[in-house]
């Protein structure tokens, strides 16, 4: 949901939701981790905490890398969102079963479930389920925004700091959402692909806010109607949380895999933003940044479209939590500038890749044309050599034919002479004998 138009496919179903027979139970403990990752990939499971990164990739630590800790993120640090809270309260055993599967796929040494202290029901349910397992620890964390961010959660739980432009696997840690663990369990145990998810529907315009399990692709307007929404009171429609969510400009936007919350906010609940004022360089944004960046410098470079300098200030370490914009006295929409800069960099990178691809194609075409030119020249050279050789060959063949004819004529002449001599000798012999007898009688 970027706010841009995109092609969509409308699928008409019979509404019966008839499932194929489930596969036979799979003992994941005797299954190769690569096979488990393939099953997760075929099920279409992604990170359900909001990022949407393919889960099978994060379940593959890569050669030479070892995972010390698998963290299940149950920290919903943004207001309004309670879908993970509801899932942990109602499906704790299934979540832990998925955690065991993921732990086996990663060959992780330990597994930790993180829950904030504003979810006592979820913490109690997860702790009771983990007590029966015995090898998974459930940790209660103080409620603090944006503690649910991957790098911040790793630092709080393990004390390890993920390096700039690095990944959690660089410090031996992998983080997955609790809803992702539940989806992994459903995929491995029941062969169920990711076709639905839990979505929080809330906001001042919603009469009956609740958590719903929603098939992917369901238009948002259906969720709003199910919860008795007063559409006339909706001032802003947000997908996600109030800090990091994305404003929706249509009720017909479908629920996707990363849709964890729909907020139908009233104007009293979320007043329109005040007009931005010039930056006064107060430094409040720098003090609020949980990553330790320099939001002011990022803002200046993003505004000037200096994409090279903005990357030098670690733009992509920004988690877009919105803390800087929240404390800014000038009400500058800082996160929007950062998102714009990231989008421009990605677009620039795509253009560079297209240019590189075009250059490689051009080089390949030039090499092919040069190769074909050399091959044509070689063929022409061979033809010329054959053409130059042809007259001499023709003369030689003619001489050979003439010699052959002379030899044949000489052989025939000799044969005829031999036959004539033999014929002459055969005709003269009897006559000579007769004459001798006759002369003898006469004498």
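Observations
- Criterion: within 23 Å of residue 155 (Cβ to Cβ) and either under 30 Å from the mean Cα position of the chain (by Cα) or outside the structural domain of residue 150 (by TED's automatic domain parsing) (or both) - qualifying residue of 306, 314: 314
- Boolean, residue 178 is touching a helix residue (DSSP H, G or I) at 6+ places or on another chain (Cβ under 6 Å) and within 27 Å of residue 88 (Cβ to Cβ): yes
- The number of residues in the stretch 264-290 that are on the phi < 0 side of the Ramachandran plot and touching a helix residue (DSSP H, G or I) at 6+ places or on another chain (Cβ under 7 Å) comes to 9.
- From the options 203, 241, residue that is on the phi < 0 side of the Ramachandran plot and touching a residue at least 24 places away in the same chain (Cβ under 8 Å): 241
- Flag if residue 273 is farther than 24 Å from residue 167 by Cβ, at pLDDT below 95 and out of contact with any strand residue (DSSP E or B) (no Cβ under 8 Å at 6 or more places or on another chain): yes
- Test for residue 299: is it more than 29 Å from residue 215 (Cβ to Cβ), within 27 Å of the chain's Cα centre (by Cα) and buried (at least 19 other Cβ atoms within 10 Å of the Cβ): no
- Residue within the stretch 240-253 that is within 19 Å of residue 216 (Cα to Cα), within 38 Å of the chain's Cα centre (by Cα), at pLDDT 95 or above and not assigned by TED's automatic domain parsing to the domain that holds residue 163 present: no
- If the condition is being over 23 Å from the mean Cα position of the chain (by Cα), within 15 Å of residue 75 (Cα to Cα) and in a loop (DSSP other than H, G, I, E, B), then the stretch 141-171 contributes 142, 143, 144, 145, 146, 147, 148.
- Candidates 412, 392, filtered to the one that is out of contact with any helix residue (DSSP H, G or I) (no Cβ under 9 Å at 6 or more places or on another chain), surrounded by 10 or more Cβ atoms within 10 Å (Cβ to Cβ) and in a helix (DSSP H, G or I): 412
- When residue 64 is tested against (1) without any contact (Cβ under 8 Å) to a residue 60 or more places away in the chain; (2) more than 23 Å from the chain's Cα centre (by Cα); (3) farther than 22 Å from residue 192 by Cβ, only condition (2) is not met.
- Exactly one residue out of 87, 39, 48, 70 is crowded, with 20+ Cβ neighbours inside 10 Å, touching a strand residue (DSSP E or B) at 6+ places or on another chain (Cβ under 8 Å), outside the structural domain of residue 343 (by TED's automatic domain parsing) and in a helix (DSSP H, G or I), and it is 87.
- Strands (runs of 3 or more DSSP E) contained entirely in the stretch 211-295, each with at least 3 residues that are surrounded by 15 or more Cβ atoms within 10 Å (Cβ to Cβ): 236-239, 261-265
The values are calculated or read from the model by the stated rules, or taken from the named source; none is laboratory data. No experiment lies behind these values; they were computed from the predicted model shown. Because the Cβ atoms are built from the backbone with ideal geometry, glycine has one as well, and the counts that use them run over all protein chains shown.
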